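As structure tokens, the structure follows; a few thoughts come after it.
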Amino acid sequence: MGKSKRYERGMEIIREYEDKSENPAYSITFEDLMDLDSELEDYIVEFAFGDIYSRETLSHKQKTLITISSLATQGLEPQMRLHVNTGLTIGLTPKEIVNAIIHLLPYTGFPRVLNALKVAKDVFTQRGVKVEK
């Protein structure tokens, strides 16, 4: 039996967010968790990408800035690393990412913002990009 339309739509979105360079800085895969539950990938691809990311009102850049902000406020640094990378891939500038994170200071506080900025800086360094001042 083939994959659902939601799954296929989700994979289309994931392909838009993937690093297509010769040496990808990240990968949007769930392989390392599939041994825990073989349907986990379907849940993520169908719901997160097939249902939510495929909505058309917001641009990919807006969605990614919202995602980075949410992850920063929750202190979810491993997931934030992925979304900072995808943000760069879809055309966000490092300055936009940094400013979105700094905007969280009055709502989240210094510790989470500083941790998020550290993650962003690490990704920028890995990708060889600089923040223009």
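For segment 33-133, the Cβ-based charge dipole about the Cα centre amounts to some 920 debye (Lys, Arg positive; Asp, Glu negative; other atoms uncharged). The spread of Cα positions in segment 13-86, taken along each principal axis and listed from longest to shortest, comes to 33, 29, 28 Å. Does anyone have the angle between helix 110-127 and the longest principal axis of the chain? Alpha-carbon axes, 0 to 90°, nearest 10? The answer is roughly 70 degrees. Considering only 61, 95, 121, the Gaussian network model of the chain with Cα springs below 10 Å gives its largest mean-square fluctuation to 95. Our coupling estimate for segment 75-89, obtained by passing each phi through the Karplus curve with A = 6.51, B = -1.76, C = 1.60 and θ = phi - 60°, is x, 9, 5, x, 5, 5, 4, 4, 6, 5, 4, 5, x, 4, 5 Hz, Gly and Pro reported as x.
The sum of -39500 (n - 2.57) across all DSSP H runs of n ≥ 4, divided by the residue count of the chain, sets its helix-only mean residue ellipticity at 222 nm to -17000 deg cm²/dmol. Each Lys or Arg adds one and each Asp or Glu subtracts one; over the other residues with Cβ under 12 Å from the Cβ of residue 75, this totals +1.
Report the convex hull volume per residue for segment 59-133, counting only C-alpha atoms, in Å³. It would help to have the intermediate numbers written out before the result.
Values: hull volume 5.7 nm³, N = 75.
About 77 Å³ per residue, rounded to a whole number.
When the P(r) is computed for the chain, the part past 18 Å accounts for 57% of the Cα-Cα pairs. All other residues whose Cβ lies under 9 angstrom from that of residue 131 are scored, Lys and Arg at +1 and Asp and Glu at -1, for a net of +3.
Using DSSP to define loop residues, name the GluC sites (Glu not before Pro) in segment 21-65 whose beta-carbon has at most 11 other beta-carbon atoms within 10 Å. Please list the in-between numbers first.
Working: sites: 22, 31, 39, 41, 46, 56; in loops: 22, 39, 56.
Here the GluC sites (Glu not before Pro) that fit, given the DSSP loop and packing criteria, are 22, 39, 56.
Under a Gaussian network description of the chain, with springs only between Cα atoms under 10 Å, the residue in 88, 114, 65 that fluctuates furthest is 114. In whole Å, what is the distance between the alpha-carbon centres of segment 110-127 and segment 1-72? If we compute the Cα centre of each part, the gap is 22 Å.
Residue 25 sits among other residues whose Cβ lies under 12 Å from its own Cβ, and their net charge, with Lys and Arg +1 and Asp and Glu -1, is -1. Largest GNM mean-square fluctuation among 34, 80, 11, using the chain with Cα springs under 10 Å: 34.
Every number here is computed from the coordinates shown, using simple stated rules; none is lab data. This one's a predicted model, so the numbers in the text were calculated from it and none came from an experiment. With ideal geometry, Cβ positions are generated from the backbone for all residues, glycine too; neighbour counts draw on all protein chains shown.
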